[in-house]
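Novice: Can you keep this structure in mind? I'll have questions shortly.
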Amino acid sequence: MTEKPTRIYKTAVIGEEVRAIGGVYRVMKELRVPWRGREVLAVIRAAHFDTSCCGAGGCGMAEVAGFIVNWRAQPDASEVEPILDPAEREALADLLRKTEHVQDVRFVE
């Protein structure tokens, strides 16, 4: 049996604001989502575009780190296994859009 690749995912700092050229996003919460007998680590962010040449606006975003292998493997990070299956990604993205009211869902490769 081949072991699946894992990686360390640095913990989000809740409330942290990140400035970019078009605006800012803030980390709202970190989730441990039950999924088919496992848990998935996801981070929810809210973006506000206030310095963009295209106008102002905002959206909710989710970053899915992967399946949790070792929660808090380090004080500021968890070990995760990437989610690579396209059908599983789409089903998880649909769930997060519905439950967290985000428009954009991205998976960490």
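Novice: Using modelled backbone amide H atoms (1.01 Å from N, in-plane), which distant-in-sequence or interchain residues come within less than 5 Å of Gly66's amide H?
Specialist: Those qualifying (amide H under 5 Å, at least 5 residues apart or on another chain) are Leu41.
Novice: Simple spin-label model, 7 Å along Cα-to-Cβ: Gln74 to Leu95 in nm?
Specialist: Going from the Gln74 label point to the Leu95 one covers 2.7 nm.
Novice: Considering only DSSP beta bridges whose two residues both sit in region 7-107, what percent are antiparallel, to the nearest 5?
Specialist: If I count the DSSP bridges inside region 7-107, around 90 percent turn out antiparallel.
Novice: First check a/c for region 7-107, with a ≥ b ≥ c the square roots of the eigenvalues of its C-alpha gyration tensor; if it is under 1.5, answer rounded, and if not, answer prolate when a/b is larger than b/c or oblate otherwise.
Specialist: In terms of gyration-tensor shape, oblate.
Novice: In region 1-107, what GluC sites (Glu not before Pro) fall in a loop by DSSP, with at most 11 other Cβ atoms inside 10 Å?
Specialist: Hits after loop and neighbour filter: Glu3, Glu16.
Novice: What is the gain in length, in nm to one decimal, between Gln103 and Asp85 on full extension, counting 0.36 nm per residue of separation less the C-alpha to C-alpha distance?
Specialist: Net length gain for the segment: 4.4 nm.
Novice: Provide the gained length on full extension for the span Ile8 to His48, in nm with one decimal, where the gain is 0.36 nm per separating residue minus the Cα-Cα distance.
Specialist: 11.6 nm
Novice: In terms of modelled amide H atoms, which long-range or inter-chain residues lie less than 5 Å from the amide H of Thr11?
Specialist: Placed amide hydrogens put Ala77, Ser78 under 5 Å from Thr11.
Bear in mind these aren't lab numbers, they're just calculated from the coordinates by the rules spelled out. What you see is a predicted model, and the numbers here were worked out from it, not measured in a lab. Note that we place each Cβ from the backbone using ideal geometry, even for glycine, and neighbour counts take in every protein chain shown.
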